[in-house]
Every structure is written in structure tokens, then in C-alpha cells.
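Q: Submitted below is the structure of interest, expressed as C-alpha cells.
Just so it is clear, none of the values below were taken in a lab; they were calculated from the coordinates. Computed from a predicted model, the values in this text were never measured in an experiment. Here Cβ is always computed from backbone atoms with ideal geometry, including for glycine, and neighbour counts include all displayed protein chains.
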Amino acid sequence: MINLIKTAQHHQLVIEKKANSLQGTISIPGDKSISHRALMLGAIASGETIIEGLLLGEDPCSTAQCFQAMGAKISELNSERVTVTGIGDKALQEPLNILDAGNSGTTMRLMLGLLASQPNKFFTVTGDDSLRSRPMARVIKPLAQMGALIYGRNNNQNAPLAVIGQNLKPIHYHSPVASAQVKSCILLAGLMTEGKTTVTEPFLSRDHSERMLRSFGATLEIDVDTHSVTIEGGAKLQGQTVIVPGDISSAAFWLVAGAITPNSELIIENVGINLTRTGILEALLMMNADITLENEREMAGEPVADLKVKSSKLKACSIEGAIIPRLIDEIPILAVAACFAEGTTIIKDAEELRVKESDRLAVMATELNKMGAKITELPDGLEITGGVTLKGAQMDSYTDHRIAMSLAIAGLNAEGTTIIDRAEAASVSYPTFVDTLIKITN
Ligand code: S3P
């Protein structure tokens, strides 16, 4: 019923018919954001960092390769235990070749903060077609205010980039976007810079960098009212043990699948429920989803729970403002949920989706409308009228992992056959997605 057809270049996911029900217990891969940060901080710290539960997706592999090229010793990547022997004193070696961040915006943007602050060292950084088209000025601009020398295509907006490391000076940066990548880039540059560097963002974005920097020994002040974080430069980081919780952004596919597929019950184990990431739970609960949190606990500085979801009749909701950064990566799958909800769901203030791995607003509207959905694209969001029967169609992932997986969940609930081209994109954050999909589908 579900087949992955592999050709030399691409995978095509074929879902032949509507699922009758979904049942099972799912363990999801490690959190992508936390995996990147554990590898990076481990690489620049003194001593050993042990990472348990690392995401084995393509994105963290890109981070590992970049930092290996700059002197970090990283054991073979696996999800049980990875050892990173840090370079110590945060002094990266000048790499012999171009650093390749692949498809990963987090790798490129966070790494730039570290590269810009390595005096007299030269780095070149590139990525795949998608990453080379994504905006880098959002980090180059504040880094340039700190004194960084970074050059790139399109008047210093796009990779490939060349960086000549400098002694930077601290700044207070008011970021126009609520972006954890921008915030983390500046905090990492601030870590390497004498004095206090502050970032203020319009809404609070994910805070994994702040938590992990503190646990590695950096000094940070956080003002939750003004969404400001200050880092004191110069701290010596010491390697730590990091236990990576399951990624709520990956769990989101099963939360929506369980909610919209009749007669379903799924348990998703070990999911990170950091408040800066739980917008998806709040949105789905607002839509009348039957989701319960069980076994809530703390794991290496991050809150974790098992999530149980049962099918229910969803209703439309409105999503805008401060919740958007707290569910930014889940909007494609939320759009699928909205197709199955009674009424019209409005998503606003989400223009950031246009500069993700694909233009996720345009792609979700185009591809779901091929299935008969009623979606209107807004400049900063989507208007989705639910309750229409979706019909299988041939669609494309646009090489975007979250698009591939969102369309698969839509296909599971569509009449007739759904085909998703370039489905291998899922490996960026969830290499075992199709195996789990097959396992839980009846
Ligand atoms: C991430 C931050 C978010 C998110 C991305 C991961 C991170 O990007 O979309 O998948 O790990 O910091 P922005 O900071 O661009 O919003």
C-alpha cells in the first residue's frame, strides 16, 4: 500500500490508498536544533562532549563535517553515543577547503558567528541550491556591525561566502526577525568577543542555544519581557554530556496524522516540549485535537514527555503573532490539519516561511490544491477552508524535507493514489520517516 520507489537520482513515495487507521508507539529521531548545537559547542569546548540521541539526518552530518575540517575530532555518528573532542579555547583551524553546509541554514548561519570571530583566518562557505538562494544578509549585517569581514554573492546576501576572521567588538542588535538562527549566530560571535553582546528579537524564538551555552560554562543574562539575551565574551567552554530529546518538529507529523486519520491512536515517545517549541501542541489543542502529555520529565536541561494522540473532529483556528516562531517549522503540517478541520483556518505573520528550504507558503498551497484543497495564499500566510475531500495527486517535495513529509500525511488521508516526487528530502531531518509510516499504517 505504501511504496518507496528508488531510482538512481530520486525517491518516489507512492501511497496507494487512504489509511483505515494508524496505531502504534513511535520513537522519533533527535532534535535537529539541539543536535547542531551539541556538535558545535562540543567542537569549540575543551575536553570531551558526549552526545546521546544525536539526529542522524543529513543536516547534523553537514555540521559535523564542517567542524571536523576545522580541527574537532568527532567519532562515527550514531544515535547512541557520539564523542566530540573539542579544539579547546574556541580557536578553529583554518580549513584546507570550502566548508559545505549542504541544505542546512542552521549550520551556515550559526557557524558564521564563529568563523567571523577567528582573527586572521580565512574561510569559504557554501551549500546546496536551496541554501545558496537563502538570505544570509540577516546574519552578515549584524556581524559586520561587530567588525566582521564577510563577502558573498548578490552584494553580500548569498553563499558562497568568504570570511576573513577579525577581533570583533560587542554590539546590542535589535533583530527585525524572530529567528533563533540570527540570535544564535550573534551569541556565538559574542562568546568570542570581549565585553557584553546583546540580541533583542521581536518575539521569543527557540532558546536551545542559551540553555546549552550556559551548561557549557558561558555567562548569559536573559530578559524574557523584552526578548533580549546578553552574553559575556571570553568564557572558557568545557565539554559536557548532552542528551538530545526527540524532535517535536518530527513528532508533529504523527500528531496531525493521528488526529485526522479515523480510528487512530499513536504514542510518540520522548518528545522535547521546550516552551519555545510547543506552539504546535497549543494550535492542535485549539483545533480540538485529542492530545495528552504523559510521563513529563526533564532530560539534560530540556523538558520531555510522551505524547498520545487519538483521532478527533478538528475545527478551524487562527494562528498569528507571538505563537508563529514557536511553531514555525510545523506550519506545513498544520496546513494539512486545517484541510481536515471544519471552517476556515487563517495563518498570518508567517512570511518567514517564504525563505525556508523552499517557499513553504507557495508550495503548500500549490501542492495541496492539486489534491482538491481550498487554500488561498496570503502575502504572510494561508487561508485554508477545511472539510473538502482530498484526492490523490502527483506532487513534488521541492527538495524540502518538511514538505515531503507533510504531503505524505495528506496522501494518507486522500482518496486514490498519491505520489510524492523527490521524497528522499525527508532524510534531512527524518531518515526513518517512511519506515515508521509503513509500520503504523493499517
Ligand atoms: C532553527 C531555527 C529556525 C527553524 C530551523 C532551525 C535553529 O529557523 O526554522 O529549522 O535551529 O535555530 P529561523 O531561525 O530562521 O527561524
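Q: Only one of (1) of a type in the set (Gly, Ala, Ser); (2) away from the ligand (no atom under 16 Å from the Cβ); (3) surrounded by 17 or more Cβ atoms within 10 Å (Cβ to Cβ); (4) not in a loop (DSSP other than H, G, I, E, B) is not met by Gly24, so which one is it?
A: Exception for Gly24: condition (3).
Q: Tell me, which residue of segment 189-219 that is over 15 Å from Lys90 (Cβ atoms) and more than 16 Å from the ligand (Cβ to nearest atom) is surrounded by the fewest Cβ atoms within 10 Å (Cβ to Cβ)?
A: Filtering first and then ranking leaves Gly195.
Q: Cβ contacts < 9 Å: first residue in contact (Cβ under 8 Å) with a residue 24 or more places away in the chain and closer than 11 Å to Glu302 by Cβ, restricted to segment 206-217; second residue acidic (Asp, Glu) and more than 11 Å from the ligand (Cβ to nearest atom), any location; separation 6+ or different chain. Result?
A: His208/Glu302; Arg211/Glu302
Q: Sort out which residues of segment 314-339 are part of a loop (DSSP other than H, G, I, E, B) and buried (at least 24 other Cβ atoms within 10 Å of the Cβ), and write them in order of number.
A: Leu314, Leu327
Q: Scan segment 270-313 residue by residue and report those that are closer than 21 Å to Gly53 by Cα and part of a loop (DSSP other than H, G, I, E, B).
A: Ile273, Asn274, Leu275, Thr276, Arg277, Thr278, Ala300, Gly301
Q: Would you mention how many residues in segment 307-339 are touching a Lys or Arg at 6+ places or on another chain (Cβ under 9 Å) and either farther than 23 Å from Ser397 by Cα or not aliphatic (A, V, I, L, M) (or both)?
A: Selection size over segment 307-339: 10.
Q: Hey, can you tell me all the residues within segment 360-391 that are assigned to a loop (DSSP other than H, G, I, E, B) and buried (at least 17 other Cβ atoms within 10 Å of the Cβ)?
A: As a first pass, look at segment 360-391 and keep what is assigned to a loop (DSSP other than H, G, I, E, B): 371-373, 379-380, 386-390.
The answer is Met371, Ala373, Gly386, Leu390.
Q: Scan segment 166-188 and give yes if some residue there is within 16 Å of the ligand (Cβ to nearest atom), surrounded by fewer than 21 Cβ atoms within 10 Å (Cβ to Cβ) and small (Gly, Ala, Ser), otherwise no.
A: yes
Q: Another question, then. Tell me, which strands (runs of 3 or more DSSP E) lie completely within segment 93-187 with 3 or more residues that are in contact with an Asp or Glu (Cβ under 9 Å, 6 or more places away or on another chain)?
A: The strands (runs of 3 or more DSSP E) meeting that bar are 122-126.
Q: Continuing with this model, one more query. Give the residue that is farthest from Glu367 (Cα to Cα), with candidates limited to residues of segment 392-413 that are small (Gly, Ala, Ser) and assigned to a loop (DSSP other than H, G, I, E, B).
A: Ranking the qualifying residues of segment 392-413, first place goes to Gly392.
Q: Could you count how many residues in segment 115-139 are buried (at least 24 other Cβ atoms within 10 Å of the Cβ) and in contact with a helix residue (DSSP H, G or I) (Cβ under 8 Å, 6 or more places away or on another chain)?
A: Residues that pass the stated criteria total 7.
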